[in-house]
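> There's a structure below that I have some questions on.
The values are calculated or read from the model by the stated rules, or taken from the named source; none is laboratory data. Every value quoted in this text rests on a predicted model; they were computed, and no experiment measured them. Here the Cβ is made from the backbone with ideal geometry for all residues, glycine too, and neighbour counts use every protein chain on show. For accessibility, only protein heavy atoms count, side chains too; no ligands or nucleic acids. Shrake-Rupley method; radii C 1.70, N 1.55, O 1.52, S 1.80 Å.
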Amino acid sequence: VVPDDELDAAAQALAGQLARAATSAIALTKRLLNESLDAGREQAFLLEAMAVEMQAHAHDAAEGVTAFAERRDPQFNGHSVPRSAP
Amino acid sequence: VRFDAWQDPVTHRSGQPVPDWLTCRDTVRELSGALSIDRERLAVTVARFNAGAVVGADPDFARGADRYDRYGGDPANPWPNPCLAPLDHPPFYGMPLQVGAFGTSGGVATDERTRALDAAGEVIGGLFAVGNVSAHPVCAGYPGAGGTLGPALTMGYLAGLSVGPATDGSQAPCQWRGVSDDRGARNKAEDKATQDRVLHEVRDGIARITLNRPEAANALAPEQRNRLIELFEADSQDPAVRVVLLRSTGKHFCSGADLGRIKQLRTEGADHVGVGTDRILTGALRLIAAILDCRKPVVCAVQGVAGGLGLHVALACDLIVAASTARFFEPLALRGLVMDGAGAYLLPRRIGMQRRQGAGVPRRPAARRRRPGLRPGQPGGSRR
């Protein structure tokens, strides 16, 4: 909750953060969360494992882990896989 | 016998053409000349050999002295020792002999990944032993022709797997196909280190499982994760255990899975479709399942950061006691990774969907995220 006159700025700021985020990671996580309560444990675990592997191929996964190791801010591009990927 | 890859036969019988590698003469004297051997010394040696052969003795090399030697001799030999007969009629043959290790009766002890072990049974880093130089299962015997080749080829292959691909210069683990985890292959030294990093004590009905890797904010490497699984499964069945208390040493409860290992999993998953999925199913998710399936109540004590897998481990427990320093943190989106370790399964069930989705927003500082639901008021309060 924010003060009334800060609503638009706060919403814009939140949207801006998401616009610079690892979109495919968030998209897959969102799908997992939305499936979660409809799925049993075994099904939820399988979906998660497959989603993790999907995202492992993304540029942003490599960039995020590397940036963390190098203690810098990551530069996410959203959805793409590295050009070197088959 | 003929090895077709070679141009010349490697055996010779009297009367056949003499191959290049064999020198043949009608007298010992001529043979010494052809082989550039001192004539007198060869004559003396042959005389000494012949004197021994007629009584079955070899004063120089003890040929035929044991049953193994005699097994390789000529059973039709009329002289007392099947390995010896006097050299007294032509033709006389000579050839150069080279010494080589054909078999050994033991060698360097290794584990099943061919890593050399010291006297205490601990791995010597970077040293491998295969085939004849190792203490492989039939090293003390010689089961038959080619019996040294199988161990050399097989163990060489295993050594290659053990060394693994050189990627970032770090010690690469084995990539063993068909082995879902490496519990069976762990050696004693690694076991000891793992036990020091996950302490376990059962007293007064309470099993205390203590994460003890404070220098790494108790980040969970696969070895520690596997030990946790074993401990939860054991405590679940142990009648002496009536409650499990999960806690940790140092400033932080658990910062999540070991990041270096995450990077490694990414690399391996990229090489083989499906490997990443299997690793997740047999790794972090098995730990969460082991906690959920534990038949005893599990209490979790959290101080400092509980992040990623650390958060999910805490949420899988039945009750959480949080210190005022506790911060629950979902860092995976910041790293460009999908929320794993059963986060998507647990969070909507434990704290509800919209609060959970807010926690997924990659924003800092993390402390703001602990507010709703995640931390249930004061220490000692119920989480729900």
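> Return yes or no: is B:ASP88 over 15 Å from the mean Cα position of the chain (by Cα) and charged (D, E, K, R)?
Here the answer is yes, as B:ASP88 does meet what is asked.
> Here are some residues: A:ALA39, A:ALA9. Which one is more than 19 Å from the chain's Cα centre (by Cα), assigned to a loop (DSSP other than H, G, I, E, B) and of a type in the set (A, V, I, L, M, F, W, C)?
After ruling out the rest, the residue left standing is A:ALA39.
> Would you tally the residues in segment A:19-34 being in a helix (DSSP H, G or I) and at the interface with another protein chain (Cβ under 7 Å from one of its Cβ atoms)?
Of the residues in that region, 6 qualify.
> Restricting to segment B:101-160, count the residues that are part of a helix (DSSP H, G or I) and open to solvent by 70 Å² or more (accessible area, probe 1.4 Å).
Counting residues in segment B:101-160 that are part of a helix (DSSP H, G or I) and open to solvent by 70 Å² or more (accessible area, probe 1.4 Å) gives 5.
> Of (1) part of a helix (DSSP H, G or I); (2) in contact with a helix residue (DSSP H, G or I) (Cβ under 8 Å, 6 or more places away or on another chain); (3) open to solvent by less than 40 Å² (accessible area, probe 1.4 Å), A:GLU63 satisfies all except one. Which?
Just one mismatch for A:GLU63, condition (2).
> OK, next. Checking B:PRO91 against (1) farther than 25 Å from B:PRO19 by Cβ; (2) in contact with a strand residue (DSSP E or B) (Cβ under 6 Å, 6 or more places away or on another chain), which test does it fail?
Of everything listed in (1) farther than 25 Å from B:PRO19 by Cβ; (2) in contact with a strand residue (DSSP E or B) (Cβ under 6 Å, 6 or more places away or on another chain), B:PRO91 misses just condition (1).
> If you don't mind, another one. Taking the condition at the interface with chain B (Cβ under 9 Å from one of its Cβ atoms), out of contact with any Phe, Trp or Tyr (no Cβ under 8 Å at 6 or more places or on another chain), open to solvent by 90 Å² or more (accessible area, probe 1.4 Å) and under 25 Å from B:ARG350 (Cα atoms), does A:LEU37 pass?
Spelling it out, A:LEU37 is indeed at the interface with chain B (Cβ under 9 Å from one of its Cβ atoms), out of contact with any Phe, Trp or Tyr (no Cβ under 8 Å at 6 or more places or on another chain), open to solvent by 90 Å² or more (accessible area, probe 1.4 Å) and under 25 Å from B:ARG350 (Cα atoms).
> Could I ask something else about it? Where the second residue is hydrophobic (A, V, I, L, M, F, W, C) and open to solvent by 30 Å² or more (accessible area, probe 1.4 Å) and the first is within 14 Å of another protein chain (Cβ to nearest Cβ) and closer than 19 Å to B:ALA217 by Cα and lies in segment B:314-335, which pairs have Cβ atoms under 9 Å and are six or more apart or on separate chains?
Close Cβ pairs satisfying both conditions: B:PHE329/B:ALA367; B:PRO331/A:PHE68; B:LEU334/A:PHE68; B:ARG335/A:PHE68; B:ARG335/B:LEU259; B:ARG335/B:ILE262.
> Could you tell me which numbered condition B:ARG335 fails, if it satisfies all but one of (1) of a type outside the set (A, V, I, L, M, F, W, C); (2) touching a Phe, Trp or Tyr at 6+ places or on another chain (Cβ under 7 Å); (3) modelled with pLDDT of 85 or more?
Condition (3) is where B:ARG335 drops out.
> Among the residues of segment B:340-348, is there at least one that is open to solvent by 10 Å² or more (accessible area, probe 1.4 Å), modelled with pLDDT under 95 and of a type in the set (A, V, I, L, M, F, W, C)?
No, segment B:340-348 has no match at all.
> Return a yes/no flag: does segment B:252-264 have any residue that is at pLDDT 85 or above and more than 31 Å from the chain's Cα centre (by Cα).
Scanning segment B:252-264, I find at least one residue that is at pLDDT 85 or above and more than 31 Å from the chain's Cα centre (by Cα), so the answer is yes.
> Applying the selection to segment B:286-310, what residues are open to solvent by less than 30 Å² (accessible area, probe 1.4 Å) and over 22 Å from B:PRO331 (Cβ atoms)?
Once the filter is applied, which keeps residues that are open to solvent by less than 30 Å² (accessible area, probe 1.4 Å) and over 22 Å from B:PRO331 (Cβ atoms), segment B:286-310 yields B:ALA289, B:ALA290, B:CYS294, B:VAL298.
> Can you tell which of A:VAL1, A:VAL65, A:VAL81, A:VAL52 is more than 8 Å from chain B (Cβ to nearest Cβ), β-branched (Val, Ile, Thr) and under 27 Å from B:ILE351 (Cβ atoms)?
A:VAL1
> Ok, one more. I'd like to know if segment B:48-62 contains one or more residues that are open to solvent by 80 Å² or more (accessible area, probe 1.4 Å) and either of a type in the set (Asp, Glu) or touching a Lys or Arg at 6+ places or on another chain (Cβ under 6 Å) (or both).
No, there is no match, as no residue in segment B:48-62 is open to solvent by 80 Å² or more (accessible area, probe 1.4 Å) and either of a type in the set (Asp, Glu) or touching a Lys or Arg at 6+ places or on another chain (Cβ under 6 Å) (or both).
Yes or no, residue by residue, for (1) in contact with a His (Cβ under 9 Å, 6 or more places away or on another chain); (2) modelled with pLDDT of 90 or more:
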| position | (1), (2) |
| --- | --- |
| A:ALA11 | no, yes |
| A:ALA19 | no, no |
| A:THR29 | no, yes |
| A:ALA44 | no, yes |
| A:ALA56 | no, no |
| A:ALA61 | no, no |
| A:ARG71 | no, no |
| A:ASN77 | yes, no |
| A:PRO82 | yes, no |
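> Confirm whether B:LEU347 is within 12 Å of chain A (Cβ to nearest Cβ) and of a type in the set (A, V, I, L, M, F, W, C).
yes
> Among the residues in segment B:227-248, are any under 18 Å from the mean Cα position of the chain (by Cα), closer than 22 Å to B:ALA301 by Cα and at pLDDT below 95?
The answer is yes; a qualifying residue exists.
> Ok, one more. Test of understanding: among A:GLU70, A:GLU42, which residue is open to solvent by 40 Å² or more (accessible area, probe 1.4 Å) and under 23 Å from B:THR282 (Cβ atoms)?
A:GLU42
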